[in-house]
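Please read the structure below before turning to the comments.
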Amino acid sequence: MWADWQNAKGKGLKYAQDFIRNSWATDSGFGLIQQVDQNLLNKILKGELKSFNEIKTFQQEEIVKNGYPQLSVSYTVFYYTLFDKERKTNLILIDSIFINS
């Protein structure tokens with residue numbers, strides 16, 4: 001199924017979104033964050049937000065502060081969860097980023 005995921009991403013955003021909704025993907029810890037603005041993406045890539053909860057909280061705070069602005073460009077971030085046996089915790093790994101225009 002991993003190869004199917006790679007193929008879905010290669011076909012574009014709609015295929016990737018559809019793939020994430022299948023049972024294998026959800027059972028395997030895949031997910032997505034939609035309507036990511038440039039500010040949030042910068043914070044993610046710079047490592048300023050260290051957890052999934054920090055990302056979601058920041059995104060919600062931005063919506064409360066600014067409403068739902070019309071974004072000329074937004075991003076969709078795909079991630080998956082991986083259990084780290086040494087740390088005994090789940091890690092959220094960013095798999096790919098799509099530009100929505």
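The values are calculated or read from the model by the stated rules, or taken from the named source; none is laboratory data. Remember, predicted model here, so these are calculated numbers, not experimental data. All Cβ positions, even for glycine, are placed from backbone atoms using ideal geometry, and neighbour counts span all protein chains on display. Quick note on the areas: whole protein, heavy atoms, side chains included, nothing else; ligands and nucleic acids left out. Shrake-Rupley method; radii C 1.70, N 1.55, O 1.52, S 1.80 Å.
Within the straight-line cut-off of under 19 Å between alpha carbons, the lysines reachable from residue 88 are 50, sequence neighbours fewer than 8 places apart in one chain being disregarded. Taking the range 74-101 and a reference point 7 angstrom along Cα→Cβ of residue 54, the backbone N atoms nearer than 15 Å belong to 91-94.
Using just the helices of the chain, give the 222 nm mean residue ellipticity in deg cm²/dmol: DSSP H runs with n ≥ 4 each add -39,500 (n - 2.57), and the total is spread over all residues, rounded to 500. List each step's numbers first, then the result.
On the way: 5 runs with 46 residues, N = 101.
It lands at -13000 deg cm²/dmol.
In this label model, residue 63 and residue 84 are separated by 2.8 nm, measuring between points 7 Å along each Cα→Cβ vector.
Where does the charge balance sit around residue 54 when Lys and Arg score +1, Asp and Glu -1, over other residues with C-beta under 13 Å from its C-beta? Show your work: numbers first, answer last.
On the way: positive: 43, 46, 50, 56; negative: 48, 61, 62.
So the environment of residue 54 carries a net charge of +1.
Report, ordered by chain and residue number, the lysines lying within cross-link reach of residue 46, taken as a straight Cα distance under 21 Å and ignoring same-chain residues fewer than 8 apart. Cross-link targets: 56.
With the other protein chains left in place, how much accessible area per residue, in square angstrom, belongs to the chain at a 1.4 angstrom probe? Please report the intermediate quantities before stating the final value.
Values: 6850 Å² over 101 residues.
That works out to 68 Å² per residue.
Which one is right for this structure if semi-axes √(5λ) of the Cα gyration tensor in Å is calculated from it: [x] 28, 16, 11; [y] 23, 19, 11; [z] 22, 14, 11? The listed entry that was calculated here is [y].
Heavy-atom surface analysis with a 1.4 Å probe gives the chain a carbon and sulfur content of 50 percent of its accessible area.
Across the range 26-33, computed HN-Hα scalar couplings (Karplus, 6.51 cos²θ - 1.76 cosθ + 1.60, θ = phi - 60°) run 5, 5, 8, x, 7, x, 8, 10 Hz from first to last residue, x flagging Gly and Pro. Helices of the chain meeting both criteria, an alpha-carbon length of 24 angstrom or more along the long axis and an average Kyte-Doolittle score not below -1.0, with helices taken as full DSSP H segments, do not occur.
Computed on the chain, with alpha-carbon pairs under 8 angstrom and 6+ residues apart, the relative contact order is 26 percent. Panel note: the C-alpha atoms of the range 59-101, placed on their principal axes, show extents of 43, 23, 7 Å (largest first).
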